[in-house]
Ligand code: GLN
């Protein structure tokens, strides 16, 4: 069990895994694509498998080619000359990287602030490492009756300040945000940065959806704000950027005093990350600029988003229109289902959203994720109002899902 009493074996990804749902159910639940990485990236993976070196352990810091490629992409954005030996660490997915930061930095009882709803994995990763999660709400607009922007989910600066104690060690800033899709504004990040500096806190900038920002909205890296490089670790992911979530290749970028102990932890947890796919991720990052890959991909994702939001507009249910990431929160409080439906045990005893998502998956044929999982137990009732739909799927699949979802009415 997690320390808050939640059963470990019943994480939401296992309950709503496609393996538990009918084969013809369209998966808009766990966020992964139903299309392949780009050809040139896959080719690099094949080439890497054809070499001897790339089939063996890489340096625990990550393969040099990938660290160089990360530097190429991030140097101009961070306005730095990143040191590939000291300031970049390749990890087994962003998740392992974050876990290793917690292992390296958290002492028993250290508090870690996260905005709620939060990506559920943070809760386990923080508590496994002796940390105490502290939740600061992201407030949705009051009385939203239709479509509203993810930007309208707001932090109250006073609530954030009040959450800081002498035990606070770190704030997690996830932008673009899972599950809200919020892209934090420069002003919001400046407010968080000012508090981090005032109270000497580390910032974990989870930016794994950084290449998926829509409508001309600016993705601001908190590490670029004045005085913030020195206290920020930025998290990135090949899986999100190149439609390759199963590769488990991610990275951390930050000052040497954060990267060095995190490398020591990571080396003892996984030793190194899988080698051939690091080469593929490197090839991906090396060529994104000349291919204008992220620009093209973002436009495709915006189109995918609009298919699903078009359906929700028609249903007239309130939902959050995301400015980033590939998630839409749908307000399901008006969606009806029978109480005596044969729900599995894993879903009973959880929030109403768990039952609603199960019913929608089985009876309507589209899976989604209940959002109370992204809230602590005490606040789960706030999340019960929403189901999270992922739109990282091809256009035909999303059209088909929209057709089915019309039955929600
Ligand atoms: N980040 C992905 C999502 O939110 C996958 C999460 C997971 O499988 N743990 O859907």
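Which residue out of 144, 124, 94 is within 16 Å of the ligand (Cβ to nearest atom) and surrounded by fewer than 19 Cβ atoms within 10 Å (Cβ to Cβ)?
When all the criteria are applied, what remains is 124.
Tell me, which residue of the stretch 203-226 that is surrounded by fewer than 22 Cβ atoms within 10 Å (Cβ to Cβ) and over 22 Å from residue 300 (Cα atoms) is nearest to the chain's Cα centre (by Cα)?
221
With the structure loaded, tell me whether residue 113 is more than 16 Å from the ligand (Cβ to nearest atom), farther than 23 Å from residue 256 by Cβ and crowded, with 23+ Cβ neighbours inside 10 Å or whether it fails that test.
yes
Condition check: at pLDDT 95 or above and away from the ligand (no atom under 13 Å from the Cβ). Does residue 47 satisfy that?
Judged against the criteria, residue 47 is a match.
How about the stretch 355-376: which of its residues are more than 20 Å from the chain's Cα centre (by Cα) and more than 16 Å from the ligand (Cβ to nearest atom)?
355, 356, 358, 359, 360, 362, 363, 364, 365
Being outside any helix (DSSP H, G or I) and touching a helix residue (DSSP H, G or I) at 6+ places or on another chain (Cβ under 7 Å) is the filter; apply it to the stretch 145-168 and report the residue that is farthest from residue 313 (Cα to Cα).
Among those residues, the one meeting the criterion is 164.
Quick check: is even one residue across the stretch 307-314 surrounded by fewer than 17 Cβ atoms within 10 Å (Cβ to Cβ), assigned by TED's automatic domain parsing to the domain that holds residue 30, farther than 23 Å from residue 182 by Cβ and touching a residue at least 60 places away in the same chain (Cβ under 8 Å)?
Yes, some residue in the stretch 307-314 is surrounded by fewer than 17 Cβ atoms within 10 Å (Cβ to Cβ), assigned by TED's automatic domain parsing to the domain that holds residue 30, farther than 23 Å from residue 182 by Cβ and touching a residue at least 60 places away in the same chain (Cβ under 8 Å).
Report, by residue number, each residue of the stretch 22-43 that is more than 15 Å from the ligand (Cβ to nearest atom), touching a residue at least 60 places away in the same chain (Cβ under 8 Å) and assigned to a loop (DSSP other than H, G, I, E, B).
Across the stretch 22-43, the qualifying residues are 22, 24, 25, 35, 36, 37, 38.
The values are calculated or read from the model by the stated rules, or taken from the named source; none is laboratory data. The structure displayed is predicted, hence computed values, not measured ones. With ideal geometry, Cβ positions are generated from the backbone for all residues, glycine too; neighbour counts draw on all protein chains shown.
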